[in-house]
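Heads up: the structure comes next, in structure tokens.
The values are calculated or read from the model by the stated rules, or taken from the named source; none is laboratory data. In this text the structure is predicted, and so the values were computed from the model without any measurement. Heads up, the Cβs are rebuilt from the backbone with ideal geometry, glycines too, and the neighbour counts pull from every protein chain shown.
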Amino acid sequence: MRLAPLVAVGAAVALMATACSSSSSGSASSDPNAVAKQITIWSPPDNFWQYQSEHLAQFTKDTGIKVNVVGIPEANILDKETIAQRAHSKEFALYEGPTSLISQDVNLLGGVPLQPLIDNKTLTGSSFNLSDFNELPACTLNDKLYCLPMFVDGAAIAYNTKLFAQAGIANPPQTWQDVIADAQILSQKTTVPAFCTRGSQAGAAIATAHFMEAYYIPYNAQNKGFNVGPDWKSLSDSPEAIKWATDYQTLMTKYAPRGVAAYDAAKCKQDFDQGKAAMFYDGVTTFDQGEFSPAAGSPISGAVQFVAPQCPTSDPCMPLGPWGMFLNPNVSKGEQNAAWKLMQYLSSPDFMTAEIAARAQPALAVLKSVASKPVAGVPQSYLTAINYVASQAQPNAFPPTTVFNQSQQNEEIAISQLATGTDPTKAMTFAATGTNNVFKQAGLLKQ
């Protein structure tokens, strides 16, 4: 998901190509291999997008394509992207967004299949190797590839080994029942909250909640999504989902920091890094040097390891929705071709390796050849965790409909309600009713 699946960490990126004179010169050409000379990127001004925006000089030198970067706050960019899609805007050539919304994106915007571009050796470098990519299924709709993934998706638990030892817990939790049992012991034997994960609706609590919920809802290849049945009926009010809601509420109301319902990922990360939480559960891209190599004197120095709870059966249990880079079919071929060259550059082994080294963030390694390389200062337990969650990806984890995002509105509210003590059955019934109503209105779920 996402920095998380669907709303992920709430960060969506649209890469917009300007309708400037240099760009229009490419757009006026009838040459299918024409390349526009200037594109503008819209992106949040932080996280790995900042690294990308600050390291594009070589791309311009190599291609002659100038890239202007416009920083847009994460809280606003998704809305801007959606409005542009619905208007079939010609302002942008390439955008980045959650692959969990691929059906919405392709249906609203039209989508540009990438295989013809990949096959065009005039536009595609000889070093580009599609088979080197992980998580391509998330970029595929109706057997057509529409995007390139940007990072490895999934979630893991960072845990404080000093606090675990203080509580007499010798091994990390392997299941969610272990997490709850360990949280109870930690709350009795230490003075800090045992568990933290984002609880705020605005902070995209649904992202990490979905990762945990998928462990509880049995996988069914016929389902329309990990929590939507074959008949388009929501599974949010199923016994398994209510069991998840009960366990989630236990963690959030008994063992999490006070006020966790208002927490986003950054606040949980801050608490964990200050030794104020024993376990921190979030998307794998949330973790960085603060957890990998805490500074000397830090409360968690030499005390951080990672674990991913194991799937309860041999079936996959990870609804992965990494972010992907998509092309806009409404702009000229020249702009599409320029954006495709930018996609190749940002996905190249050299750029990816340098980015990972600079940020010490191996979850950015969507290329198998890059993922196989060690990353200095990153615990082996983290690498083991991200490799495990990547191996447990559920096919077709998200419903193939343009109303998917709308269908989650009640669920987002319900998750925040669980963190404040609302009865689990009541909250999940509310979530399921909202989803079912949206699917009925869309003609997907029979009345």
Checklist entry - Somewhere in the range 339-354, is a residue touching a residue at least 60 places away in the same chain (Cβ under 8 Å), in a loop (DSSP other than H, G, I, E, B) and either within 29 Å of Ser372 (Cα to Cα) or outside the structural domain of Gln177 (by TED's automatic domain parsing) (or both)? => result yes
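Yes/no per residue for (1) within 18 Å of Ala214 (Cβ to Cβ); (2) modelled with pLDDT of 90 or more:
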{"site": "Glu355", "(1), (2)": "no, yes"}
{"site": "Gln361", "(1), (2)": "no, no"}
{"site": "Leu367", "(1), (2)": "no, yes"}
{"site": "Ser372", "(1), (2)": "no, no"}
{"site": "Val378", "(1), (2)": "no, yes"}
{"site": "Ala385", "(1), (2)": "yes, yes"}
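Can you report the number of residues in the range 72-96 which are of a type in the set (Asp, Glu), within 22 Å of Asp153 (Cβ to Cβ) and in a helix (DSSP H, G or I)? Explain how you work it out, then say what you get.
To start, the set of residues in the range 72-96 that are of a type in the set (Asp, Glu) comprises 74, 79, 81, 91, 96.
Okay, now just the ones that are also within 22 Å of Asp153 (Cβ to Cβ), so 74, 81, 96.
After this cut, where a residue has to be in a helix (DSSP H, G or I) as well, the list is 74, 81.
Total meeting the criteria: 2.
Could we say that Gly290 is in contact with a Ser or Thr (Cβ under 6 Å, 6 or more places away or on another chain) and modelled with pLDDT under 95 here? Break it down stepwise before answering.
Details: in contact with a Ser or Thr (Cβ under 6 Å, 6 or more places away or on another chain): no; modelled with pLDDT under 95: yes.
Taking the combined requirement at face value, the residue does not satisfy it.
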Next on the checklist: Tell me whether the range 317-333 contains one or more residues that are under 18 Å from the mean Cα position of the chain (by Cα), crowded, with 24+ Cβ neighbours inside 10 Å and either without any contact (Cβ under 8 Å) to a residue 60 or more places away in the chain or within 26 Å of Ile185 (Cα to Cα) (or both).
Outcome noted: no
Checklist outcome for this item: If you go through Ser381, Ser347, Ser407, the only one that is hydroxyl-bearing (Ser, Thr, Tyr), more than 22 Å from Asp132 (Cβ to Cβ) and touching a strand residue (DSSP E or B) at 6+ places or on another chain (Cβ under 6 Å) is Ser381
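Okay, residues lined up against (1) in contact with a Cys (Cβ under 6 Å, 6 or more places away or on another chain); (2) among the polar types (S, T, N, Q); (3) surrounded by 19 or more Cβ atoms within 10 Å (Cβ to Cβ):
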{"residue": "Ala241", "(1), (2), (3)": "no, no, yes"}
{"residue": "Thr250", "(1), (2), (3)": "no, yes, no"}
{"residue": "Tyr255", "(1), (2), (3)": "no, no, yes"}
{"residue": "Gly259", "(1), (2), (3)": "no, no, no"}
{"residue": "Gly275", "(1), (2), (3)": "no, no, no"}
{"residue": "Thr285", "(1), (2), (3)": "no, yes, yes"}
{"residue": "Pro299", "(1), (2), (3)": "no, no, no"}
{"residue": "Gly302", "(1), (2), (3)": "no, no, no"}
{"residue": "Pro312", "(1), (2), (3)": "no, no, no"}
Checklist entry - Considering only the range 390-447, how many residues are among the basic types (Lys, Arg) and modelled with pLDDT of 95 or more? => result 2
Checklist entry - When the range 24-52 is examined, which residues are found to be modelled with pLDDT of 85 or more, closer than 24 Å to Ala354 by Cα and surrounded by fewer than 18 Cβ atoms within 10 Å (Cβ to Cβ)? => result Tyr51
Checklist entry - In the set Ala204, Ala221, which member is assigned by TED's automatic domain parsing to the domain that holds Gly259, modelled with pLDDT under 95 and on the phi > 0 side of the Ramachandran plot? => result Ala204
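Could you check, for the range 97-118, whether at least one of its residues is part of a strand (DSSP E or B) and crowded, with 16+ Cβ neighbours inside 10 Å?
Looking for residues that are part of a strand (DSSP E or B) and crowded, with 16+ Cβ neighbours inside 10 Å, one finds at least one in the range 97-118, hence yes.
Does Asp105 satisfy being in contact (Cβ under 8 Å) with a residue 24 or more places away in the chain and in contact with a Leu (Cβ under 6 Å, 6 or more places away or on another chain)?
Values: in contact (Cβ under 8 Å) with a residue 24 or more places away in the chain: yes; in contact with a Leu (Cβ under 6 Å, 6 or more places away or on another chain): no.
Taking the combined requirement at face value, the residue does not satisfy it.
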Checklist entry - For the subset of the range 406-447 comprising residues that are surrounded by 17 or more Cβ atoms within 10 Å (Cβ to Cβ) and among the charged types (D, E, K, R), which member is farthest from the chain's Cα centre (by Cα)? => result Glu411
Checklist outcome for this item: Checked against (1) assigned by TED's automatic domain parsing to the domain that holds Leu123; (2) in contact with a Gly (Cβ under 6 Å, 6 or more places away or on another chain), Asn328 satisfies every condition except (2)
Checklist entry - Is there any pair with a first residue in the range 236-248 that is closer than 10 Å to Ala427 by Cβ and a second that is surrounded by fewer than 20 Cβ atoms within 10 Å (Cβ to Cβ) whose Cβ atoms are under 6 Å apart and which are 6 or more apart or on different chains, and what are they? => result Asp237/Thr429; Ile242/Thr425
Checklist entry - What are the pairs, 6+ residues apart or on separate chains, where a residue within the range 253-279 that is on the phi > 0 side of the Ramachandran plot has its Cβ under 9 Å from a residue that is part of a loop (DSSP other than H, G, I, E, B)? => result Gly259/Gly199; Gly275/Val192; Gly275/Ser298; Gly275/Pro299; Gly275/Ile300; Gly275/Ala303
Checklist entry - Residue check: is Thr191 of a type in the set (Val, Ile, Thr), free of Cβ contacts under 8 Å to residues at least 24 places away in the same chain, out of contact with any helix residue (DSSP H, G or I) (no Cβ under 9 Å at 6 or more places or on another chain) and not assigned by TED's automatic domain parsing to the domain that holds Gln361? => result yes
Item to check | Positions within the range 356-405 being without any contact (Cβ under 8 Å) to a residue 24 or more places away in the chain, touching a helix residue (DSSP H, G or I) at 6+ places or on another chain (Cβ under 6 Å) and not in a helix (DSSP H, G or I), in sequence order | outcome: Val375
